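The structure under discussion appears below in the form of C-alpha cells.
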Amino acid sequence: MQNSVYNTSRKILDRVCEILDHAENKLCTVETNDTIASSNLLTYCAICKHWKGNRLHCNVYHLNFSSYLDNIQKSWSAKDTPEDLEYAQIWSSTAKVLIISNIDYVQFKDFQAQTLLNLIHNRQASNLTTIIVSPKVNSLIGSGLFFNKLQSVLRGAVMSA
C-alpha cells in the first residue's frame, strides 16, 4: 500500500480515466516527465476498469519494453525460448489494454524500432488499446528509417498526461 497509485488525487484519476477512454481500441502516446509513475497509474486504472468478467484472461498488461527487448536478444543464444518471454509475447499481442513503458531507456536502431512498430501494427489491426508512456517523443534516442517512422507514429498519437 506504499505505492503512490493508492494516494492519487481524484482529479488525476479522472484525467487518467479520460486517457483510457480516449485510447480505447487505438494507439495513444502519453508524454510525461515521470514515465514509471504514470505507467503504473495507467495500469492500475485500466485494471480497475477492465477486471470485471475477465475470468483468467489477461485484459490489461504492462510491458517494460527495454526488459522485453533484452529478453528477446538473450533468447537468441538460448536453446529454448524462456517461459516469461513467451507469456510477455502472448499477453502483449492479446491483452485488451497494453501499456508500454521504459521506451526512454532504449537506444532505437532498426531491430528495436521494428519490434515496437510491429507490436503497434498488430494491435491496431486487432482494434486493441495500446498506450505508450514516453517522455517527449522528440527526446527519444535512435537513428534510421524505422526510428523516424516510429517517431512519426508516436507523434501522431500524442495525448498529454
Starting from region 110-137, keep only residues that are closer than 15 Å to ALA95 by Cα and open to solvent by less than 30 Å² (accessible area, probe 1.4 Å), then list their pairs with residues that are of a type in the set (S, T, N, Q) and assigned to a loop (DSSP other than H, G, I, E, B) whose Cβ atoms are within a distance under 6 Å, requiring at least 6 positions of separation or different chains. THR129/ASN25
Lone unmet requirement of (1) free of Cβ contacts under 8 Å to residues at least 40 places away in the same chain; (2) closer than 21 Å to LEU42 by Cβ; (3) open to solvent by 20 Å² or more (accessible area, probe 1.4 Å) for LEU98: (3)
Are any residues in region 94-104 at pLDDT below 95 and not aliphatic (A, V, I, L, M), and if so, which ones? THR94, LYS96, ASP104
ALA88: under 24 Å from LEU20 (Cα atoms), of a type in the set (Gly, Ala, Ser) and without any contact (Cβ under 8 Å) to a residue 12 or more places away in the chain, yes or no? no
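Determine whether GLN107 is modelled with pLDDT of 95 or more, closer than 18 Å to THR35 by Cβ and open to solvent by less than 60 Å² (accessible area, probe 1.4 Å).
Values: modelled with pLDDT of 95 or more: yes; closer than 18 Å to THR35 by Cβ: yes; open to solvent by less than 60 Å² (accessible area, probe 1.4 Å): no.
So GLN107 does not fit the description; no.
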Would you pick out the residues in region 138-151 that are polar (S, T, N, Q) and open to solvent by less than 60 Å² (accessible area, probe 1.4 Å)? GLN151
For residues that are over 16 Å from the mean Cα position of the chain (by Cα), loosely packed, with under 13 Cβ neighbours inside 10 Å and either modelled with pLDDT of 90 or more or among the charged types (D, E, K, R) (or both), tally how many sit in region 24-79. 5
Go through the residues of region 63-74 one by one and say whether even a single one is closer than 12 Å to THR130 by Cα and aromatic (Phe, Trp, Tyr). no
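The values are calculated or read from the model by the stated rules, or taken from the named source; none is laboratory data. None of the values given here were measured: they were computed from a predicted structure. Glycine also receives a Cβ, built like all others from the backbone with ideal geometry; neighbour counts cover every protein chain displayed. In case anyone asks, the SASA skips ligands and DNA or RNA and just uses the protein heavy atoms, side chains included. Shrake-Rupley method; radii C 1.70, N 1.55, O 1.52, S 1.80 Å.
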